[in-house]
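One structure is given below, encoded as structure tokens.
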Amino acid sequence: MALCGGVGALALPSELIVHIFSFLSPRDKLRASAVCSRWRECLFYPALWTNLKLRVGGGTNGGGSGSEETPKLEFLMRKFGSFVRELQLEFAPVEGCLQLHGVEAPQSDPRFPDQWKDAAKTYLDQVLCVLRGLRNNRNIRKLSMYGDTCILQDEGVLDSLHLSQVDQGGKKIKEIQRLFGEILANSRQLNWLSSAFMLGMVTPSSLAAVSNSSAGSLEHLSLLDNQLVPLLGVVELERLPHLHSLALDFSDFSATMCRLLSGGDRAPLHRLSLLLNGGTLAGKPLNGTPADDDWKALVRHSANLRVYIMALDTGSQHLLAILKPSIPLERIHFDSYSASTSEATVELISLQYHKTLTHFTLMRDDSGFPDLSDNRNEDPLVLLAWRCIHLSVLVIHGYTMWAHNLIAISRLRGSNLKVLAVSEESIDFDPYQTFSVEEDPVHNLIKEVSLGLGRVWHPVMDASVVLSEPTQHFYREVQSFSEGM
């Protein structure tokens with residue numbers, strides 16, 4: 001209480017108090033606002049809240065819908081929405097409602113109708129809350145939003161039939177689309193726009209509302225969704241001449257777009273992130289994607305271009321069709337619940353991208369652990385580590401990883417392999433080789449891999465290597481991938 005007396009904190013000028021509070025974390029700022037009215041007044045000074053990173057929803061306490069967080073979100077957006085410069089917002093999945101993979105029939109749970117209704121209603125209300133707070137913000141520079149509604153869409157829960165029960169006549173969806181258009185039209189210096197699985201917010205005509213000044217300043221654009229209709233057209237892309245990074249569904253990245261980005265009147269593209277979702281390929285074929293000549297032209301124009309591809313539940317036949325030799329592939333991530341990546345795919349990657357590949361992630365969340373190679377002396381992952389001279393991240397789960405091949409990889413890449421994450425259940429031991437080793441084979445593996453890497457190494461013992469939300473992982477990786485250009 002002495003700090004709020006006649007001398008001390010109250011004697012300091014407001015500008016100095018604001019400067020001191022600028023070193024606090026957002027959580028500590030909100031706590032400090034409860035000390036006294038003077039601190040509260042200073043802590044809500046606009047300069048302290050130009051950058052907001054929020055994660056709302058989740059309903060982890062008792063499996064709720066996350067609606068209890070809506071008043072907090074309304075307060076923040078009412079206070080800071082009109083002057084925030086950078087907003088990163090994630091809508092967390094609702095526990096027991098959004099994570100439905102492996103559920104045979106959602107209707108089997110008697111609570112399910114109420115759960116999905118609450119989840120959908122809360123999602124729509126919170127999106128409206130955010131967009132209403134931003135509608136008069138003319139100076140926002142970065143807007144990044146992740147909705148995490150893709151799982152519900154995959155399960156058919158958030159289709160038009162179900163949504164009509166919580167949004168009669170589509171009034172909320174229409175208002176969300178209108179408000180998003182107003183924000184784009186009012187913005188004057190937007191340079192980062194990212195929307196991932198924000199159900200109902202982005203339409204094929206949304207980017208037409210972007211103001212001319214923001215169209216000239218926009219450097220990063222990320223539009224990821226499960227919609228069958230492309231969210232970005234060639235006409236809209238043509239209005240964005242200074243893009244340095246772009247993230248789209250692979251099916252939406254057409255040969256025409258690739259040729260447009262190769263034009264001499266455009267800024268070079270530095271980062272390109274593409275999501276290949278096997279579940280949507282039936283309605284979004286890959287026929288119009290760039291040919292190798294299109295990639296060559298793009299690389300000639302953008303010499304520093306690096307590409308990141310995530311293949312989600314995608315068969316090898318589709319992968320072999322899109323992996324053109326001239327793609328400057330830096331990162332590739334395979335993630336599936338049942339589909340297996342073939343030896344031919346891994347072999348192709350190690351041959352074509354040996355000069356550029358740095359990150360290789362191979363995940364499969366199923367009970368079986370397929371072996372990528374029939375010939376244990378020529379394992380494709382060992383060949384990948386040998387050929388790809390810049391490989392620094394290797395993550396394996398759901399495929400058989402022979403212990404002697406793991407030792408070989410560690411010796412080939414050594415300390416340059418910054419991340420080697422292999423789940424314990426993926427590791428197997430050749431009985432003919434373990435027979436000649438006197439000590440425990442697991443201890444021997446840990447010792448040999450640690451020696452090869454030049455640091456202490458252990459296999460991943462828990463399920464942390466398994467991604468429960470691969471699309472969220474991709475969204476976050478795209479953020480860091482694009483920011484690091």
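The order of SER187, SER350, SER340, SER164, going from fewest to most other C-beta atoms within 10 Å of their C-beta, is SER164, SER340, SER350, SER187.
Please tell me which of these pairs span more than 19 angstrom C-alpha to C-alpha: LYS324/LYS355; LYS142/LYS284; LYS29/LYS53? Don't skip to the answer; put the middle values down first.
Values: LYS324/LYS355 14 Å; LYS142/LYS284 30 Å; LYS29/LYS53 14 Å.
Pairs exceeding the cut-off: LYS142/LYS284.
Cross-link partners for LYS121 among the lysines, with Cα-Cα distance under 17 Å and sequence neighbours closer than 8 places in the same chain left out: LYS72, LYS171, LYS172, LYS174.
Counting other Cβ atoms within 10 Å as a rough exposure proxy, the listed residues THR314, THR358 run THR358, THR314 from fewest neighbours to most.
Taking the fewest neighbouring Cβ atoms within 10 Å as the starting point, the ordered list for ARG300, ARG38, ARG27 is ARG27, ARG300, ARG38. Between ASP430 and ILE446, the distance separating the two model label sites (each 7 Å from Cα on the Cα→Cβ line) works out to 2.3 nm. Placing a pseudo-label 7 Å from each Cα along the Cα-to-Cβ vector at ASN416 and SER82 gives an inter-label distance of 5.6 nm.
Throughout, read-outs are computed from the coordinates displayed, never taken from laboratory work. Just so you know, these numbers come straight off a predicted model, no measurement behind them. Glycine gets a Cβ as well: all are built from the backbone with ideal geometry, and neighbour counts include every protein chain shown.
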